[in-house]
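As structure tokens, the structure follows; a few thoughts come after it.
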Amino acid sequence: MKKIISSLSIFILLFSNILFAQEKNLKADTPRDGVFIHITASYDNPHRLLMPLKMATMMAKDKDVLIYMDIEAVKVLVKGAIDITHPEFESAHTYIKQLSSMGVGIYACPTCLKIADYKPEDLMKGILLANKDKFFDFTKGRIITLDY
């Protein structure tokens, strides 16, 4: 009886190690998912602007992240823009610098920029004009969208 229990215990250990190794290999082969974050708010709603920037900073640690800013949000992306703060958050400029240093693409809508009476050369360092191809090729995994 002891031999049967001992043999069964060894079998269970070996089987669980094989399953664990297979699961680990599957995770290594799975591409990282991407998070597409769409931001429209600006000075009119600091909470609605800063929350997605905070989310992007947290998610960029283990996900591919792309930020697309349009409508009023482009006003925050130009040189000389007044920084935005709100309790419980870093400032907009702080998040933008952190995200840029993490390699996160931050894209401004060219039409919205023009409507706001700005030119592409007015954008802060590291901010890019939106490019439809980037919306799809910033990640190899699934794309999850957060819309603010």
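The values are calculated or read from the model by the stated rules, or taken from the named source; none is laboratory data. Here the structure is a predicted model, which is why all the values come from computation and not from measurement. Positions of Cβ are backbone-derived with ideal geometry, glycine not excepted, and every protein chain shown enters the neighbour counts.
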For this session: Give the range 97-119 a look and list any residue that's of a type in the set (Val, Ile, Thr) and more than 12 Å from the chain's Cα centre (by Cα), or say none.
Result: THR111, ILE115
Exercise. From the residues in the range 99-148 that are assigned to a loop (DSSP other than H, G, I, E, B) and of a type in the set (A, V, I, L, M, F, W, C), which one is farthest from ASP64 (Cα to Cα)?
Worked result: ALA116
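So that you can scan it fast, the table gives a plain yes or no per residue for (1) in a helix (DSSP H, G or I); (2) assigned by TED's automatic domain parsing to the domain that holds LEU113; (3) modelled with pLDDT under 75:
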{"site": "LYS3", "(1), (2), (3)": "yes, no, yes"}
{"site": "ILE12", "(1), (2), (3)": "yes, no, yes"}
{"site": "GLN22", "(1), (2), (3)": "yes, no, yes"}
{"site": "PHE36", "(1), (2), (3)": "no, yes, no"}
{"site": "MET51", "(1), (2), (3)": "yes, yes, no"}
{"site": "THR57", "(1), (2), (3)": "yes, yes, no"}
{"site": "ASP62", "(1), (2), (3)": "no, yes, no"}
{"site": "VAL65", "(1), (2), (3)": "no, yes, no"}
Seminar exercise, completed: Looking across the range 67-96 at residues that are under 25 Å from LYS132 (Cβ atoms) and among the acidic types (Asp, Glu), the single one that is farthest from the chain's Cα centre (by Cα) is GLU72
For this session: Consider only pairs whose beta carbons are under 7 Å apart and that are at least six residues apart or on different chains; among these, list those whose first residue lies in the range 98-116 and is on the phi < 0 side of the Ramachandran plot and whose second residue is hydroxyl-bearing (Ser, Thr, Tyr) and surrounded by fewer than 19 Cβ atoms within 10 Å (Cβ to Cβ).
Result: GLN98/THR57; LEU99/THR57; ILE106/SER100
For this session: Mind listing whichever residues of the range 35-94 are buried (at least 18 other Cβ atoms within 10 Å of the Cβ) and hydroxyl-bearing (Ser, Thr, Tyr)?
Result: THR40, SER42, THR57, TYR68
Seminar exercise, completed: Restricted to the range 121-148 and to residues being surrounded by 14 or more Cβ atoms within 10 Å (Cβ to Cβ) and charged (D, E, K, R), the residue farthest from the chain's Cα centre (by Cα) is ASP122
